[in-house]
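Have a look at the structure below, then the notes.
The values are calculated or read from the model by the stated rules, or taken from the named source; none is laboratory data. The structure displayed is predicted, hence computed values, not measured ones. Backbone-built Cβ (ideal geometry, glycine too); neighbour counts: all protein chains shown. Note: areas computed on protein heavy atoms with side chains; ligands, DNA, RNA excluded. Shrake-Rupley method; radii C 1.70, N 1.55, O 1.52, S 1.80 Å.
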Amino acid sequence: CNIDGFAHQKQALDGFDGVSDLGLIRAPTLVIHGKADIMVPHQFGDDLASHLPDARMVHVEEAGHIIPPKLYYRHVLEHLELHPL
């Protein structure tokens, strides 16, 4: 493990603000977040979705930080049906 590599990554990210670029995304975007997530509060997902011009926020009530694949794929497939490629 190269500790210097981590220092360079941290330095590169210091002061980085990607939020301003989110408004440039024009594709319909699905944001999925587990309502019971104790690692990343679901408000962060709400905030992310609020910065995307065409976002749909889905709170998965019965999920925490890891969303079970069946629930995840159900929402992804529903999103793709609404917005075919």
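Please go through segment 25-78 and give me each residue that is part of a loop (DSSP other than H, G, I, E, B), touching a Gly at 6+ places or on another chain (Cβ under 7 Å) and of a type outside the set (Asp, Glu), ordered by number.
Selection gives ALA36, ILE38, HIS51, PRO53, ALA63, GLY64, HIS65, ILE67.
Does any residue of segment 44-61 turn out to be open to solvent by 60 Å² or more (accessible area, probe 1.4 Å), among the aliphatic types (A, V, I, L, M), under 17 Å from THR29 (Cα atoms) and more than 12 Å from the chain's Cα centre (by Cα)?
Scanning segment 44-61 turns up no residue that is open to solvent by 60 Å² or more (accessible area, probe 1.4 Å), among the aliphatic types (A, V, I, L, M), under 17 Å from THR29 (Cα atoms) and more than 12 Å from the chain's Cα centre (by Cα).
Look at ASP21 and say whether it is part of a helix (DSSP H, G or I) and at pLDDT below 95.
Details: part of a helix (DSSP H, G or I): yes; at pLDDT below 95: yes.
In short, yes.
Report yes if some residue within segment 59-77 is in contact with a Pro (Cβ under 9 Å, 6 or more places away or on another chain), modelled with pLDDT under 95 and not β-branched (Val, Ile, Thr); otherwise report no.
yes
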